[in-house]
Amino acid sequence: MMNKKLRDHYWHLLCHRSELPQPGDFLRLQWLGQDIVAANDAGEIIVFDNLCPHRGARFFDAEYGNAPISCAYHGWTFQAGTLLIPSREKYQACELSKVSMGMLKTEWCGDFLFASVKPAQTLDMQLGELSQQLASISMDINGRADWNAYTYECDWKIAIENGLDSLHTPYVHTDTLGRLSLSDPDNVYIADNSTASFQITDASVAKKLRSAARLFSRTEPIDGYISIYLFPFTMLTSTCGLSYSLQNFFPSAQEQKTHFYSRLLKTSLRAGVPAVSMDHFFLSTAEVNRQVFREDHHICSRIPIQGYDWNDVSRLSVDEEKIIHFRKSLQRVASAGDV
Ligand code: FES
Ligand SMILES: [Fe+2]
C-alpha cells in the first residue's frame with residue numbers, strides 16, 4: 001500500500017526532453033509490476049501505461065528506442081493524439097468513442113519531465129524551492145550518453161538510503177568516488193527532498209575538473225559534487241556539472257527487489273567544441289558511474305528488508321542526517337492514512 005501510494009500520489013522525474021528528440025522516440029520504465037512509457041508523439045511528449053486499450057497487450061518491449069505506438073497484436077495505433085483502429089467497421093457493436101489510452105499526468109520543470117498517476121499536490125508544491133535549481137540544471141543538459149538499468153536485489157528504501165548516505169563512500173567506493181576525497185556535505189532540506197553539496201578536497205583532481213569545465217556551457221554553477229534527492233524514488237547527481245546522473249529506484253512488486261534505472265545526461269558543450277572530442281570523456285564517466293552503482297548494489301543486496309524500521313533513527317550518525325529526514329517523511333506518509 002505504502003509503495004503504491006508513493007507511486008501514485010507523487011510526481012516522478014522520468015527523463016530529460018533531449019532523451020526523446022524525434023517523433024517515435026520512447027523509453028520504458030517499470031514500477032510495481034507495471035510499465036510506464038514516455039514517448040514523443042508527433043512532437044508532443046506523452047506518458048502512458050504501455051497497455052493497448054483493445055485487449056491489453058504491451059505496446060513496447062524494449063527499454064528505449066524509436067518506433068510507432070502501434071500494437072503488435074491487432075494493429076491499434078496511437079498517433080498525433082488519436083487512436084487509429086484498423087477495420088473499424090468490425091467494431092460496430094463497441095463504444096469506441098469511450099476507449100482511451102491510460103495516460104498519466106505530466107508537468108515540466110524546465111526540460112525535466114515529471115509524471116504522476118494521481119498527484120496529491122502540484123509539482124511546484126512538491127519541489128518547493130528546488131524547482132528553480134532543477135529547471136536551471138535542465139537547461140544545461142543535451143542528450144543521453146548512457147542507459148544503465150537492472151534489478152537491484154534489495155528493497156527500494158535500502159537503495160535510496162544508500163544514495164543519501166555519505167558515510168559509506170570511503171568503504172564501498174574506495175577506488176571510484178573515494179578518489180574525489182569529498183568533504184563533509186552541506187545538506188539542505190526542501191520539503192521531503194534534500195540536497196547535499198560536497199567539496200572535492202583532492203587538489204589535483206579538483207584542478208583537472210576545473211580545466212575540463214571550460215569545455216562546457218553551463219549556467220548552473222556547480223563546483224564540487226552535488227546530490228539532489230527528489231522524494232520518493234529519484235536522485236540526480238553531478239560532479240562539477242560536467243554531466244548528470246539521473247537515477248530512479250522504483251519499487252518492484254516483488255520483495256527485496258528494486259527497478260534501478262540510471263541515465264548519464266550530457267552537459268551542453270561550449271560553442272566550437274566538437275561533440276566527438278568529448279566522446280571519450282562521457283564514455284569513461286559512464287564506466288565509472290556503472291562501477292559506483294555496482295558497488296552500491298552489491299552492498300545494498302546484503303541488507304534484508306526484514307530488519308528495516310523507518311521509525312528507528314537511534315543508530316544514525318551525523319553523516320546519515322538525510323536518512324533521518326527520509327525516514328521522517330515515510331513516517332508522515334504512513335501516519336497520514338491507509339498503509
Ligand atoms: S491488444 Fe492491441 S490491438 Fe488488440
Ligand atoms: Fe554509494
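Considering every residue within region 227-237, establish whether at least one is at pLDDT below 95 and not in a loop (DSSP other than H, G, I, E, B). Checking region 227-237: not a single residue is at pLDDT below 95 and not in a loop (DSSP other than H, G, I, E, B). For region 108-157, taking the residues that are outside any helix (DSSP H, G or I) and among the aliphatic types (A, V, I, L, M), the one that is nearest to H16 (Cα to Cα) is identified as L113. Being exposed (fewer than 12 other Cβ atoms within 10 Å of the Cβ), more than 23 Å from G33 (Cβ to Cβ) and not small (G, A, S) is the requirement here; does R315 meet it? Yes, satisfied.
Of all residues in region 160-175, those that are assigned by TED's automatic domain parsing to the domain that holds S194 and among the small types (G, A, S) have Cβ atoms under 8 Å from Cβ atoms of residues that are at pLDDT 95 or above and within 6 Å of ligand 2 (Cβ to nearest atom), 6 or more apart or on another chain, in G163/D296. Any chance region 179-196 includes a residue that's within 16 Å of ligand 2 (Cβ to nearest atom), at pLDDT below 95 and surrounded by fewer than 14 Cβ atoms within 10 Å (Cβ to Cβ)? For region 179-196, residues within 16 Å of ligand 2 (Cβ to nearest atom), at pLDDT below 95 and surrounded by fewer than 14 Cβ atoms within 10 Å (Cβ to Cβ): present. Here F78 fits the description: touching a strand residue (DSSP E or B) at 6+ places or on another chain (Cβ under 9 Å), surrounded by 13 or more Cβ atoms within 10 Å (Cβ to Cβ) and farther than 29 Å from A145 by Cβ. Using the structure shown, decide if A253 is over 23 Å from T237 (Cα atoms), within 22 Å of the chain's Cα centre (by Cα) and more than 16 Å from ligand 1 (Cβ to nearest atom). The answer is yes for A253. Consider E220 carefully, then state whether it is of a type in the set (D, E, K, R), crowded, with 17+ Cβ neighbours inside 10 Å and in the same structural domain as T285 (by TED's automatic domain parsing). Taking the combined requirement at face value, the residue satisfies it. Of all residues in region 93-139, exactly one satisfies the criterion of being under 13 Å from L14 (Cα atoms) and basic (K, R), namely K105.
The values are calculated or read from the model by the stated rules, or taken from the named source; none is laboratory data. Worth saying up front: this structure is predicted, and the values here are computed from it rather than measured. Cβ sites come from the backbone with ideal geometry, for glycine too, and all protein chains shown count toward neighbours.
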